[in-house]
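The structure under discussion appears below in the form of structure tokens.
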Amino acid sequence: MWVLRQERLTLRSGQVGLISDTHGLVRPEALAVLKGSELIIHAGDIGKPNVLGALASIAPVVAIKGNNDRDSWASDLPDILTVQVNGVEMCVIHNVNELAKDSIKGELRAVICGHSHKPDMTTREGVLFVNPGSAGPRRFRLPVSVARLKIRDQNVQAKILELRP
């Protein structure tokens with residue numbers, strides 16, 4: 001499998017690509033935007049293992065399974081994961097509504113999620129919540145998007161990037 005198992009990572013540039021809800025579709029536009037990332041986080045509903053392979057051709061991948069990742073290839077992926085990048089603790093979960101409220105206390109600085117297909121970035125109680133939206137098949141009139149994180153000196157900045165498929 002192409003997925004990193006480490007929970008503490010140090011990146012030189014602090015560039016992290018975020019992607020979710022690919023549902024088996026690897027868009028060339030998404031790969032182009034994610035180039036330059038030192039790490040890619042997939043927040044679930046991957047769809048097919050070739051998605052992780054394509055992402056791993058750019059950078060190491062951290063991934064969790066979503067509610068649609070039920071096939072045997074996804075059985076080893078966690079449902080939720082805490083990862084520390086450049087000293088910043090982040091939680092990766094597919095459906096943010098399943099995150100226990102007491103989980104966002106303490107050292108947690110960011111929550112990366114998916115599921116809704118709606119790109120969103122908000123800060124609550126000092127925690128940055130980022131949903132990169134869906135990079136897979138277009139759903140309704142929602143945009144196709146990914147996101148980027150920049151983590152440096154304990155600061156986390158996020159930007160959502162709409163793709164033009």
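The values are calculated or read from the model by the stated rules, or taken from the named source; none is laboratory data. In this text, all values refer to a predicted model and were calculated from it rather than measured experimentally. Please note: Cβ atoms are built from the backbone with ideal geometry, for glycine as well, and neighbour counts cover all protein chains shown.
Against the test of being of a type outside the set (S, T, N, Q), closer than 22 Å to N155 by Cβ and in contact with a Leu (Cβ under 6 Å, 6 or more places away or on another chain), the options I41, I58, I104 yield a single qualifying residue, I41. In the set S134, S116, S72, only one residue is touching a Leu at 6+ places or on another chain (Cβ under 7 Å), among the polar types (S, T, N, Q) and under 22 Å from H23 (Cβ atoms); that residue is S134.
Residues in region 106-137 that are within 23 Å of N68 (Cα to Cα), of a type in the set (A, V, I, L, M) and either out of contact with any helix residue (DSSP H, G or I) (no Cβ under 7 Å at 6 or more places or on another chain) or in a loop (DSSP other than H, G, I, E, B) (or both): I112, V130, A135. In region 63-84, the residues that are farther than 21 Å from P132 by Cα form Cβ pairs under 9 Å with partners that are outside any helix (DSSP H, G or I) and modelled with pLDDT under 95, at six or more places apart or across chains, as follows: W73/M1; D76/M1; D76/V3. Each residue in region 137-157 was checked for being closer than 22 Å to M90 by Cβ, in contact (Cβ under 8 Å) with a residue 60 or more places away in the chain and surrounded by 13 or more Cβ atoms within 10 Å (Cβ to Cβ), and 8 pass.
Table: residues versus (1) under 13 Å from the mean Cα position of the chain (by Cα); (2) of a type in the set (D, E); (3) at positive phi.
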| residue | (1), (2), (3) |
| --- | --- |
| I58 | no, no, no |
| I64 | yes, no, no |
| N68 | no, no, no |
| L77 | no, no, no |
| T82 | yes, no, no |
| N86 | no, no, yes |
| V92 | yes, no, no |
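Of all residues in region 24-37, one or more are touching a residue at least 40 places away in the same chain (Cβ under 8 Å), among the polar types (S, T, N, Q), part of a loop (DSSP other than H, G, I, E, B) and more than 20 Å from K65 (Cβ to Cβ).
Any chance you could count how many residues in region 47-105 are in a helix (DSSP H, G or I), within 18 Å of G126 (Cα to Cα) and of a type in the set (V, I, T)? Matching residues across region 47-105 total 2.
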